[in-house]
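Q: Attaching a single structure in structure tokens format; questions to follow.
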Amino acid sequence: MIIFSSLVIAGCQSFQNEDQEDKEVSGQSERQDTESILKEMDVPWSITKSDDVFYLSERTGQIVKWNQVSDEKVTQKVILKKKLHLEGEGGFLGFELSPDFGESKQAFAYHTYKDGNKVKNRIVVLKENADHWEEVKTVLEDIPGARVHNGGRLKIGPDGKLYATAGDAMSPEFAQDKNSLAGKILRLELDGSVPDDNPFQNSYVYSYGHRNPQGLAWDEKNSLFSTEHGQSAHDEINWIQPGKNYGWPVIEGDEQQEGMETPLYQTGEETWAPSGLAYKEGILYVATLAGNSVKRFEVHTGEVQIYLEGWGRMRDVMIEDDNLYTVTNNRDGRGNPRKDDDQMLRKKLSPQ
């Protein structure tokens, strides 16, 4: 169990915005030690990797496959049984390779679709063929969706279960309704069944009271962390525990109420719009969209630093060995696309 003292929270709140001029100077130096290794992608959403090959989902409905040894890059079509609905923050989102991908060539994907006039999200199994991916199984459907607040992250945890983030679908009351899949972090067996040890009987719900949870990451003790968008600033990093209520829409930020969890960290009046999340050696690395950077959050002290900036909006982050990988989202409709956007970047991790 992790115990966070009040000193951590107090330390977290001491983080203040840098002056814009300082940010621009810092951003220029940050770009100098960051390598752009993939260019001209269309709103990449998730970074995954098998051996020497990267697979990145694009929100518009493709998968970019890149072999870092041969430097071969191809864009693969995705064939779904229900038409992809591309609107606002929806589309082809989370993507996670199966643990047996080397043999099965299968992966999990999260995408938005329409059922009549209702926007929804679903989790499916895809299989890689010679030049495309094709849906072979439906895992979970009818996750409420909307123009925004679709969640969308997929990760296989150290317990071998599939975790998914689901936003409140612009209906805040869903987040407190344990019978709704919206405003939740969900936990599934890889075959789509409900794990026997989930906190609520016969329910995929692992935690609730979320507005728009995004990133998922575990530490070496298998503690789960998640990032979440606040209503107006007050973005969060949460320590996720099974069955706990994270408060939305009753409380947010540092507000407290019995039976509800306050975040490990919240951004106060600053807006990060945190997305993908990765962990290594006591540090959480947070890809931020409005924050235009990758933030470095020290779990036990609450210290926050800008780790990478100068490239625009950041959607996902992955750590492998001593390298941090991240992707820009300057073409997502809210950014300012630059030459070569969107890009995947690589930066050597600094010694701890």
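The values are calculated or read from the model by the stated rules, or taken from the named source; none is laboratory data. Quick caveat, the model's predicted, so the values are computed rather than measured. No Cβ is skipped: glycine too gets one built from the backbone with ideal geometry, and neighbour counts run over all protein chains shown.
Q: Looking at residue 291, is it under 15 Å from residue 316 (Cβ atoms) and in a loop (DSSP other than H, G, I, E, B)?
A: Yes, satisfied.
Q: I'd like the residue in segment 78-104 that is of a type in the set (A, V, I, L, M) and part of a loop (DSSP other than H, G, I, E, B) and, out of all such residues, is farthest from residue 317 (Cα to Cα).
A: Looking at the filtered set, the residue picked out is 80.
Q: Something else: Check segment 157-179 and report whether any residue there is acidic (Asp, Glu), surrounded by 15 or more Cβ atoms within 10 Å (Cβ to Cβ), touching a helix residue (DSSP H, G or I) at 6+ places or on another chain (Cβ under 8 Å) and part of a loop (DSSP other than H, G, I, E, B).
A: Yes, that holds for at least one residue.
Q: Name every residue in segment 56-77 that is of a type in the set (Ser, Thr, Tyr) and either over 15 Å from residue 315 (Cβ atoms) or without any contact (Cβ under 8 Å) to a residue 24 or more places away in the chain (or both), in order of residue number.
A: 70, 75
Q: Within segment 327-341, restricting attention to residues that are within 17 Å of the chain's Cα centre (by Cα) and farther than 14 Å from residue 310 by Cβ, which residue is surrounded by the most Cβ atoms within 10 Å (Cβ to Cβ)?
A: Selected residue: 327.
Q: Of all residues in segment 296-306, count the ones that are in contact with a Phe, Trp or Tyr (Cβ under 9 Å, 6 or more places away or on another chain) and surrounded by fewer than 21 Cβ atoms within 10 Å (Cβ to Cβ).
A: Number satisfying all stated conditions: 4.
Q: Can you find, within segment 45-77, the residue that is nearest to residue 123 (Cα to Cα) among those that are among the charged types (D, E, K, R) and assigned to a strand (DSSP E or B)?
A: Looking at residues that are among the charged types (D, E, K, R) and assigned to a strand (DSSP E or B), I get 58.
Q: Hey, another quick one. With the requirement that a residue be under 21 Å from the mean Cα position of the chain (by Cα) and either over 17 Å from residue 128 (Cβ atoms) or at pLDDT below 95 (or both), what does segment 53-86 give you?
A: Within segment 53-86, 59, 60, 84, 85, 86 qualify.
Q: Between a residue in segment 313-336 that is hydrophobic (A, V, I, L, M, F, W, C) and any residue that is modelled with pLDDT of 95 or more and assigned to a loop (DSSP other than H, G, I, E, B), which pairs come within a Cβ distance under 8 Å, given they are 6 or more apart or on different chains?
A: Qualifying pairs under 8 Å: 314/289; 314/291; 314/292; 314/329; 327/41; 327/342; 327/343.
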